[in-house]
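A.B. asks: Input: one structure, supplied below.
The values are calculated or read from the model by the stated rules, or taken from the named source; none is laboratory data. Nothing here was measured: the structure is a model prediction, and the numbers come from that model. Using ideal geometry, Cβ is built from the backbone for each residue, glycine included, and neighbour counts are taken over all protein chains shown. All accessible areas refer to the heavy atoms of the entire protein, side chains included, with ligands and DNA or RNA removed. Shrake-Rupley method; radii C 1.70, N 1.55, O 1.52, S 1.80 Å.
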Amino acid sequence: MDLFEQLEQVRTEALDNLVTIDSQVDLVTWEKRYFGRKGLVTQQLRSIGSLPQEERKTFGQRLNDIKQELSTAYEAHAQQVKLAEIEAELASGAVDVTLPGRAVAAGHLHLTTQTLRQIYGIFAKMGFEVYEAPDVELEKLNFDMLNIPAYHPARDMWDTFWVDEQRLLRTHTSPGQVRVMRERYPEPIRVILPGKCYRYEQITARSEHQFYQVEGLAVGRNITMTDLIGTLTQFTRMFYGASRTTRVRSSYFPFTEPSIEVDTDCILCGGKGCPVCKYTGWLEIGGAGMTHPVVLQNGGYDPDEWSGFAFGLGVERPAMMKYGVEDIRLFYRNDLRFLRQF
Amino acid sequence: MRVPLSWLNDYVDVKDIPVQELRQRLDLAGLEVETVEIIGYEGSELPWDPEKVMTAEVLAVRPHPDANRLVLVEVNYGGEEHEIVVTGAPSLFARKGESDLHLKVAFAWEGAILYDGHSEEWKKHKLKPTKIRGVPSRAMVCSEKELGLAEEQTDIIYLSPDTPVGLPLTEVLGDYILDFDIKGPFGHLQSIYGIAREVAVLVDRPFKREPLEAIRRLQLNVVKQPEFVELEIADPDLCPRYTATMIRGITIQPSPLWMQLRLKRAGMRPINNIVDITNYVMLELGQPLHAFDYKHLRHRAGSEKPAIIVRRAGDGEQMKTLDEELRTFDGEMLLITDGGGPVAVGGVMGGLESEVEATTQDVLLEAASFNFINIRRTSQTLKLFTESASRFGKRVDSELALVAGARAAELMAELGGGSVGTVAGDLYPGKPEMTVIQYDPALAQRILGVEVPVAEQQRILTALEFQVVPVNSSGEDIVWDVTVPSYRLDVRIPVDLVEEIGRVWGYDQFPHTLITEELPPLRHNKELENTERIQDIMVGLGLDEIITYSLVGPEDEVLLHPVAGQSLELPGTPVVLRNSIAPERSQMRRSLLPGMLRTAWSNLRFMDYIAVFEVGSIYYKVGEPNLEAGDTGVAEPRQLSVLLTGPRQGRWWQETDREYVDYFDLKGIVEALLARLALVDQVAWSKGAHPAFHPGRCAKVALGDKTLGYMGELHPLVREAFDLPEQPVVVLELDLAILMEAAEAADAEKKVGTMATYAPVYEDLAFVVDEAVPALDLQRAIVKAGYPLVADALLFDVYRGPQVGEGRKSLAFALTYQAPDRSLDEKDVGKLRNRIIKQLERGLKAQLRTA
């Protein structure tokens, strides 16, 4: 066999061997066998000297071609082997993707906080900032300054926790109205006043001795009833949904004149009538009215020059309606199974 | 206030207005109907089929051929033939054998749905033709129970003798009872007549005034001193008017059916004709009345002409009231007295001794007017809450007194068979001036924001019986003198008139606008912003927010210091309630911990791991209130509290850390919070002494010289006192104001730092120190000694044992050396290390631990 034939044989054998290889280790062995220092291809180069001069060039060229060819084949095959190996590894490393993950605690804001923030957000869009007033309040501010003198029948509307002759737990957020007016006069005012309120009431599924309210107050030189109705209608759309309708009823509160109450069509029955809305088709959103001249005056604003509106909204009740909560006691019992649902 | 529509229709005819439509109209105008009770009509619990349940008359009662206790009743129900009905009704049985009767009854035909009169419960059944002891029966005469009108099965129901036969029963007994929720002090809406007057305006129908015209009908001669009684008002400030009318020769008997029915539907129990009439007129017109038995007054006056003196009670004066309670009065309570002492608590309740009784023949009828505030005070002080006091307490028009007295006298004469004298007594020292309001119709637009035409305003006010007299109607400046009807005691100022106009015109017609007004300057609400910031950080750290009651019991504070001799320093003095719903809700909290611990307790019944926080106020007195300044004398600082307890990690399908959380879990949370607030380096930690905590696992957290609060593991005895399980419970309570003041300052000073690009050098160094040296001191000393080249010194090991000796510990730190402007070489690091070792030796007697 001459050297040419030998060369061709090495080539064939190398290519045949290469395609059978399926591991990195064998690849290394193959490379060493053909391209190592004593590799078969390497040896072919050394044998070039034993060829006659005129054949050397042809041989050399052929050898280079084969080296090139084998090296390309090797690269391609090595890539295949690598991919096959990765694939095998990935296949064995598969997990059941439905297994539960490593637990990370997800904290929750209290439902009341969430509702309050929602209310703050809606009124912020209409330019109302939040003003906070104390829980332990002066009788004078909780009642007298709001046009509710001692023994006046209007006081029957609030069952009160008394601290002493002059102090009580606020029964509503309204005393903050006078506080903010006295602080801000003579600026126009647009605030909401959230906070805890307290009523001397036994705790039942329908009533709590502690609950939140959000009061609103706007004072300016031409604040009107239509502004009040518009503001509360916008609130209702944002809070209860754009498809809700509202209605406005005349009502009575000692610190507003005229006084109104605003209802929305019952979110449960859509206005058809159900036990929740007492078959009226309407749910009360809150009480409101034009700030009583006496209250404006007590706040330092001359009722002949200024007018204002005020409203009071519940916090727990809307959340109860929205989520079908039937027992108000769930809010401040803090059963985490309840709170974590929101 | 329960108003049967059948009664309301006496004054304003609204029979043809569907009740829901009427309700809607009244609701919108401020007469809130809370519920509508339907009797007999469609929609009621038991609708009466108009074709099968009707009026009829019993003509004759014959014996049953085969039953001793039953009778056969011949009934004319308006059909062609009379019907024979088998019944055992006692009142019909008693008339066995009588004929030519014309007893009007409620009659039900086969197929009618009725209640079973003999069932204890409300059981409906359909009337079916049957044979009772051989006699076929396919109809019945009904009892109240069977018609759903009464709880108890008694006798059959009888209708007025003038009832036509064959009418659907609903036309006679059917009704809608509107239950009004009248908020506020509206005396004029405390009567059916008063509500009817409103209804008439709202539906624009004529209003019948007959009930107010009894004085004219009786041709009463009104004098100050009538012949039958001497009248004196000693305290006209509390009793502006006192009237007395005499009705003689009456017979006490049950009042007629129609009146009993009305009283029951309005929510009152019929007693006898005289008492019923006083109640009836009170319901009708809103004027409480009191009937004295005249013979008792005469007897007490020694058979002379009695004298009524209205005066304040002497302190400690006593009388037995109608409810047989001996009452003791104070000097501000108003009594109706005669020569023999008190006979009634004015406007609240009568005395027992002069009460109308079965033998009463002559009645002295009081119709008076009292100061509403004083009535309320008396009623509240005596805890005597009567219909009369409730109405007087909401202000009753003093003009009504004599009118209502005459109305009642007229009814008493009519239904009691007596006669009204020709004279009525009327002392009226406190007759009020008419209220006249100067009103500018432009005010309506200014307040309401819509233009209600002037003519429309005038029409509404006039319809509501206000007298409108233009004083000046030239050009732009229109001014009216508006005279307020005497019964509208709630209307005093111009905006009151605006309300009347607004509500009658209808707010539902108003356009919706938003404020167009000078913009108030916006301000930050730091407290709220800080609260929300903390809430968000804590929630982000995986904690659940709770909101607990502000009211706690005094015991809660005591439970926080369980060890005898230790006391808990809570700020100020507690805000204790004078009236509380329960001892455990009787004072305002001075710590958030009790609420937090109780929350843990209630939740541990359902879960094993709890991580919660609360941001809320504590409350304590710091001084006396200052009314002028609006200062309550109570501090309400906001606190942050946290509680963790339970296994560190939940069960999982791979191994997890099921050890209980401890001090260091809580500390990690606090450190994360401080990191978020950029306060890590400013906080001073030291060992804390607080009776609620484990004495060895309590830290006092401070900022500068201000104590921020305490954190640590709960004292085992506190844990026990709050019924918590035997596992570490770690808690924290910090003052939010102090924390956030520092956080705001840190924010204000915050400047971005550089992040070095040169490679840092890492090295571990361990130091041996005395047990008493706090780790934080060592750590801070390292950073200080190597400043500014020590970028971090992380404590990664604490060792105690033979290698370091008794009373000593080894603390190992992983140090990161880093320069902003170059790579540090071996020489730099060596110098730095030596400096740190030297300074630690000097300052803390720390020795480098060598391997």
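A.B. asks: Taking the condition of being modelled with pLDDT of 90 or more and open to solvent by 40 Å² or more (accessible area, probe 1.4 Å), how many residues in the stretch B:139-152 meet it?
C.D. replies: 0
Per-residue answers, yes or no, for (1) modelled with pLDDT under 95; (2) in contact with a strand residue (DSSP E or B) (Cβ under 6 Å, 6 or more places away or on another chain); (3) farther than 30 Å from residue B:687 by Cβ:
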site: B:752; (1), (2), (3): yes, no, yes
site: B:759; (1), (2), (3): yes, no, yes
site: B:782; (1), (2), (3): no, yes, no
site: B:803; (1), (2), (3): yes, no, no
site: B:814; (1), (2), (3): no, yes, no
site: B:825; (1), (2), (3): yes, no, yes
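A.B. asks: Still on this structure, please answer the following. Working only within the stretch B:592-617, note down all residues that are crowded, with 22+ Cβ neighbours inside 10 Å and in a loop (DSSP other than H, G, I, E, B).
C.D. replies: If the condition is that a residue be crowded, with 22+ Cβ neighbours inside 10 Å and in a loop (DSSP other than H, G, I, E, B), then B:592 is the only one that fits.
A.B. asks: Do the conditions hold for residue B:659, that is, is it more than 11 Å from chain A (Cβ to nearest Cβ) and more than 21 Å from residue B:598 (Cα to Cα)?
C.D. replies: Details: more than 11 Å from chain A (Cβ to nearest Cβ): yes; more than 21 Å from residue B:598 (Cα to Cα): yes.
Against the criterion (more than 11 Å from chain A (Cβ to nearest Cβ) and more than 21 Å from residue B:598 (Cα to Cα)), residue B:659 qualifies.
A.B. asks: Further question: Would you check which residues across the stretch B:164-201 are charged (D, E, K, R), more than 12 Å from chain A (Cβ to nearest Cβ) and open to solvent by 10 Å² or more (accessible area, probe 1.4 Å) and list them? Spell out how you get there, then give the answer.
C.D. replies: Taking the stretch B:164-201 first, the residues charged (D, E, K, R) are B:171, B:175, B:179, B:181, B:183, B:197-198.
Now narrow it down to the ones that are more than 12 Å from chain A (Cβ to nearest Cβ): B:171, B:175, B:197.
Scanning the stretch B:164-201 gives B:171, B:197.
A.B. asks: Residue B:380 versus (1) buried (at least 20 other Cβ atoms within 10 Å of the Cβ); (2) part of a helix (DSSP H, G or I); (3) out of contact with any Ser or Thr (no Cβ under 8 Å at 6 or more places or on another chain): which is the lone unmet condition?
C.D. replies: In the conditions (1) buried (at least 20 other Cβ atoms within 10 Å of the Cβ); (2) part of a helix (DSSP H, G or I); (3) out of contact with any Ser or Thr (no Cβ under 8 Å at 6 or more places or on another chain), residue B:380 misses (1) alone.
A.B. asks: Output the residues belonging to the stretch A:63-78 that are crowded, with 17+ Cβ neighbours inside 10 Å and within 24 Å of residue A:47 (Cα to Cα). It would help to see each step written out before you state the result.
C.D. replies: Residues of the stretch A:63-78 that are crowded, with 17+ Cβ neighbours inside 10 Å, as a first pass: A:63, A:66-67, A:70, A:74, A:77-78.
A:63, A:66, A:67, A:70, A:74 - these are the residues of the stretch A:63-78 that are crowded, with 17+ Cβ neighbours inside 10 Å and within 24 Å of residue A:47 (Cα to Cα).
A.B. asks: Okay, moving on. Name the one entry in B:503, B:488 that is under 15 Å from residue B:30 (Cβ atoms) and in contact with a Gly (Cβ under 8 Å, 6 or more places away or on another chain).
C.D. replies: Going through B:503, B:488 in turn, just one is under 15 Å from residue B:30 (Cβ atoms) and in contact with a Gly (Cβ under 8 Å, 6 or more places away or on another chain): B:503.
A.B. asks: Taking the stretch B:534-545 as the region of interest, how many residues are more than 30 Å from residue A:209 (Cβ to Cβ) and more than 7 Å from chain A (Cβ to nearest Cβ)?
C.D. replies: If we filter the stretch B:534-545 for residues that are more than 30 Å from residue A:209 (Cβ to Cβ), which is where we start, we get B:537, B:540-542.
Then keep just the ones that are more than 7 Å from chain A (Cβ to nearest Cβ); that gives B:537.
Final tally of qualifying residues: 1.
A.B. asks: Tell me, please, whether a residue that is over 30 Å from residue B:585 (Cα atoms) and at pLDDT 90 or above can be found in the stretch A:319-340.
C.D. replies: Checked the stretch A:319-340: no residue is over 30 Å from residue B:585 (Cα atoms) and at pLDDT 90 or above.
A.B. asks: Return yes when residue B:25 is open to solvent by 40 Å² or more (accessible area, probe 1.4 Å), farther than 30 Å from residue B:266 by Cα and touching a residue at least 12 places away in the same chain (Cβ under 8 Å) and no when it is not. Let's see the steps before the verdict.
C.D. replies: On the way: open to solvent by 40 Å² or more (accessible area, probe 1.4 Å): yes; farther than 30 Å from residue B:266 by Cα: no; touching a residue at least 12 places away in the same chain (Cβ under 8 Å): yes.
Taking the combined requirement at face value, the residue does not satisfy it.
A.B. asks: State yes or no: is residue A:204 within 7 Å of chain B (Cβ to nearest Cβ), in contact with a Lys or Arg (Cβ under 9 Å, 6 or more places away or on another chain) and open to solvent by 10 Å² or more (accessible area, probe 1.4 Å)? Full working, then the answer.
C.D. replies: Numbers: within 7 Å of chain B (Cβ to nearest Cβ): no; in contact with a Lys or Arg (Cβ under 9 Å, 6 or more places away or on another chain): yes; open to solvent by 10 Å² or more (accessible area, probe 1.4 Å): yes.
So residue A:204 does not fit the description; no.
A.B. asks: May I pose another question? Where the second residue is open to solvent by 10 Å² or more (accessible area, probe 1.4 Å) and modelled with pLDDT of 95 or more and the first is on the phi > 0 side of the Ramachandran plot and in the same structural domain as residue A:235 (by TED's automatic domain parsing) and lies in the stretch A:192-212, which pairs have Cβ atoms under 8 Å and are six or more apart or on separate chains?
C.D. replies: A:195/A:132; A:195/A:133; A:195/A:135; A:195/A:212; A:195/A:213
A.B. asks: Separate question: Return the pair list, or none, for Cβ contacts closer than 6 Å from residues in the stretch B:201-224 that are over 18 Å from residue B:15 (Cα atoms) and in contact (Cβ under 8 Å) with a residue 24 or more places away in the chain to residues that are among the basic types (Lys, Arg) and open to solvent by less than 80 Å² (accessible area, probe 1.4 Å), at least 6 apart or on different chains.
C.D. replies: Short answer, once both residue conditions are applied: B:211/B:407; B:214/B:407.
A.B. asks: How about the stretch A:49-80: which of its residues are over 60 Å from the mean Cα position of the chain (by Cα) and either more than 15 Å from residue A:10 (Cα to Cα) or not assigned by TED's automatic domain parsing to the domain that holds residue A:8 (or both)? Write out each step before concluding.
C.D. replies: As a first pass, look at the stretch A:49-80 and keep what is over 60 Å from the mean Cα position of the chain (by Cα): A:49-70.
If the condition is that a residue be over 60 Å from the mean Cα position of the chain (by Cα) and either more than 15 Å from residue A:10 (Cα to Cα) or not assigned by TED's automatic domain parsing to the domain that holds residue A:8 (or both), then A:49, A:50, A:51, A:52, A:53, A:54, A:55, A:56, A:57, A:58, A:61 are the ones that fit.
A.B. asks: Before we move on, is residue B:744 within 42 Å of the chain's Cα centre (by Cα), open to solvent by 60 Å² or more (accessible area, probe 1.4 Å) and either under 30 Å from residue B:528 (Cα atoms) or of a type in the set (S, T, N, Q) (or both)? Walk me through how you get there before you give the answer.
C.D. replies: Details: within 42 Å of the chain's Cα centre (by Cα): yes; open to solvent by 60 Å² or more (accessible area, probe 1.4 Å): yes; either under 30 Å from residue B:528 (Cα atoms) or of a type in the set (S, T, N, Q) (or both): yes.
Judged against the criteria, residue B:744 is a match.
A.B. asks: If a residue must be of a type in the set (S, T, N, Q), open to solvent by 30 Å² or more (accessible area, probe 1.4 Å) and more than 19 Å from residue B:158 (Cβ to Cβ), how many such residues does the stretch B:250-278 contain? Even if it seems obvious, please write down each step before you answer.
C.D. replies: Going through the stretch B:250-278, the residues of a type in the set (S, T, N, Q) turn out to be B:251, B:253, B:255, B:260, B:272-273, B:278.
Pick out the ones that are also open to solvent by 30 Å² or more (accessible area, probe 1.4 Å) and you get B:251, B:253, B:260.
Subset that is more than 19 Å from residue B:158 (Cβ to Cβ): B:251.
Qualifying residue count for the region: 1.
A.B. asks: Being of a type outside the set (Asp, Glu), more than 18 Å from residue B:540 (Cβ to Cβ) and surrounded by fewer than 16 Cβ atoms within 10 Å (Cβ to Cβ) is the filter here; which residues of the stretch B:651-670 pass it?
C.D. replies: Hits for the stretch B:651-670 are B:651, B:652, B:653, B:654, B:656, B:658, B:664.
A.B. asks: Counting just the residues of the stretch A:119-139 that are within 9 Å of chain B (Cβ to nearest Cβ) and of a type in the set (Val, Ile, Thr), which one comes out surrounded by the fewest Cβ atoms within 10 Å (Cβ to Cβ)?
C.D. replies: Selected residue: A:130.
A.B. asks: Considering only residues that are facing another protein chain (nearest Cβ under 8 Å), buried (at least 16 other Cβ atoms within 10 Å of the Cβ) and outside any loop (DSSP other than H, G, I, E, B), which ones fall in the stretch B:546-591?
C.D. replies: Applying the first criterion (facing another protein chain (nearest Cβ under 8 Å)) to the stretch B:546-591 yields B:546-551, B:575-581, B:585, B:588.
With the extra rule that they be buried (at least 16 other Cβ atoms within 10 Å of the Cβ), the set shrinks to B:546-551, B:575, B:577, B:580-581, B:585, B:588.
B:551, B:585, B:588 - these are the residues of the stretch B:546-591 that are facing another protein chain (nearest Cβ under 8 Å), buried (at least 16 other Cβ atoms within 10 Å of the Cβ) and outside any loop (DSSP other than H, G, I, E, B).
A.B. asks: Taking residue A:149 as the residue in question, decide whether it is open to solvent by less than 40 Å² (accessible area, probe 1.4 Å) and not acidic (Asp, Glu).
C.D. replies: Values: open to solvent by less than 40 Å² (accessible area, probe 1.4 Å): no; not acidic (Asp, Glu): yes.
When the stated conditions are applied, residue A:149 does not pass them.
Residue by residue, here is whether (1) in contact with a strand residue (DSSP E or B) (Cβ under 8 Å, 6 or more places away or on another chain); (2) of a type in the set (Ser, Thr, Tyr); (3) assigned to a helix (DSSP H, G or I); (4) not assigned by TED's automatic domain parsing to the domain that holds residue B:577 holds:
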position	(1), (2), (3), (4)
B:629	no, no, no, no
B:651	no, no, no, no
B:657	yes, no, no, no
B:668	no, no, yes, no
B:671	no, no, yes, no
B:680	no, no, no, no
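A.B. asks: Check the stretch A:176-192 and report whether any residue there is polar (S, T, N, Q), more than 7 Å from every other protein chain (Cβ to nearest Cβ) and open to solvent by 10 Å² or more (accessible area, probe 1.4 Å). Don't jump to the end; show me each part of the working.
C.D. replies: Filtering the stretch A:176-192 for residues polar (S, T, N, Q) gives A:177.
Restricting the remaining residues to those that are more than 7 Å from every other protein chain (Cβ to nearest Cβ) gives A:177.
Checking the rest, the ones that are also open to solvent by 10 Å² or more (accessible area, probe 1.4 Å) come to none.
No, the stretch A:176-192 contains no residue that is polar (S, T, N, Q), more than 7 Å from every other protein chain (Cβ to nearest Cβ) and open to solvent by 10 Å² or more (accessible area, probe 1.4 Å).
A.B. asks: Moving to a separate point now. Looking at (1) part of a strand (DSSP E or B); (2) in contact (Cβ under 8 Å) with a residue 40 or more places away in the chain; (3) open to solvent by 20 Å² or more (accessible area, probe 1.4 Å), which is the only condition residue B:712 fails?
C.D. replies: (3)
A.B. asks: Moving on to the next point. May I ask you to say which residue of A:109, A:116 is out of contact with any Leu (no Cβ under 7 Å at 6 or more places or on another chain) and at the interface with another protein chain (Cβ under 9 Å from one of its Cβ atoms)?
C.D. replies: The match here is A:109.
A.B. asks: Which condition number does residue A:103 fail, the rest of (1) part of a helix (DSSP H, G or I); (2) within 14 Å of another protein chain (Cβ to nearest Cβ); (3) open to solvent by 70 Å² or more (accessible area, probe 1.4 Å); (4) small (Gly, Ala, Ser) being met?
C.D. replies: (1)
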